[in-house]
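Data block below; observations after.
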Amino acid sequence: MKLTILAFTFLFFSCSSLKAQQTEVSEFQQVQTTIGYYFDGWGTGDTSKIGKAMHSTCHLKSFRDGKFNDMSRAEYLSRFKPRPRPEGLTTRIVALDITENIASAKTEIDTGKDVFTDYFNLIKTNEGWFIVDKIAVKKSK
């Protein structure tokens, strides 16, 4: 009887742990998908993809040439024009941290000439994951 109870307890906690891991993987994949929309849109100038990744309240911030810049989502999207994806463009998620319905991601976009490092704050709403804030820096190679 004790062996049966022990086996059941082990099975219960193993399944609970597996379920938690599957949920984490699922959330990780969902955040990756959101950032993927951003990368795809950035690479091709497709504002519908970038817009799909960014919440309507998103602001983009940077500090360049001694000046703090704060740009609305609408202003940011207006800077893109459709284009073919540049040859040699690479994108990657450097780091990703998720806690419940919030996440933080460090990403890089390498154009061959410049490397853009972005830090995204994301929130999961009833509609899915969205970038709600972005800070960025550009470094020429």
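Taking the criterion of being part of a helix (DSSP H, G or I), of a type outside the set (Ser, Thr, Tyr) and either within 13 Å of the chain's Cα centre (by Cα) or over 18 Å from VAL137 (Cα atoms) (or both), the residues of segment 43-67 that qualify are LYS49, ILE50, GLY51, LYS52, ALA53.
Give me a count of the residues in segment 119-141 that are charged (D, E, K, R), touching a residue at least 60 places away in the same chain (Cβ under 8 Å) and over 20 Å from ALA74 (Cβ atoms).
Matching residues across segment 119-141 total 2.
Pairs are defined by a Cβ separation below 9 Å, a sequence spacing of at least 6 or placement on different chains, a first member in segment 83-94 that is over 23 Å from GLN29 (Cβ atoms), and a second member that is in a strand (DSSP E or B) and open to solvent by less than 100 Å² (accessible area, probe 1.4 Å); the pairs so defined are GLY88/ASP110.
In segment 89-111, what residues are open to solvent by 50 Å² or more (accessible area, probe 1.4 Å) and outside any strand (DSSP E or B)? Selection gives GLU100, ASN101.
How many residues are open to solvent by less than 50 Å² (accessible area, probe 1.4 Å) and either among the polar types (S, T, N, Q) or not in a strand (DSSP E or B) (or both) if we restrict to segment 70-88? Selection size over segment 70-88: 4.
Select from segment 23-43 the residues that are of a type in the set (S, T, N, Q) and at pLDDT 95 or above and write down the one among them that is nearest to TYR76 (Cα to Cα). Among those that are of a type in the set (S, T, N, Q) and at pLDDT 95 or above, it is THR34.
The values are calculated or read from the model by the stated rules, or taken from the named source; none is laboratory data. Everything numeric here is computed off the predicted structure, so don't read it as measured data. FYI the Cβ positions are ideal-geometry reconstructions off the backbone, even for glycines, and counts take in every protein chain you see. Areas reflect the complete protein model, heavy atoms only, side chains present, ligands, DNA and RNA absent. Shrake-Rupley method; radii C 1.70, N 1.55, O 1.52, S 1.80 Å.
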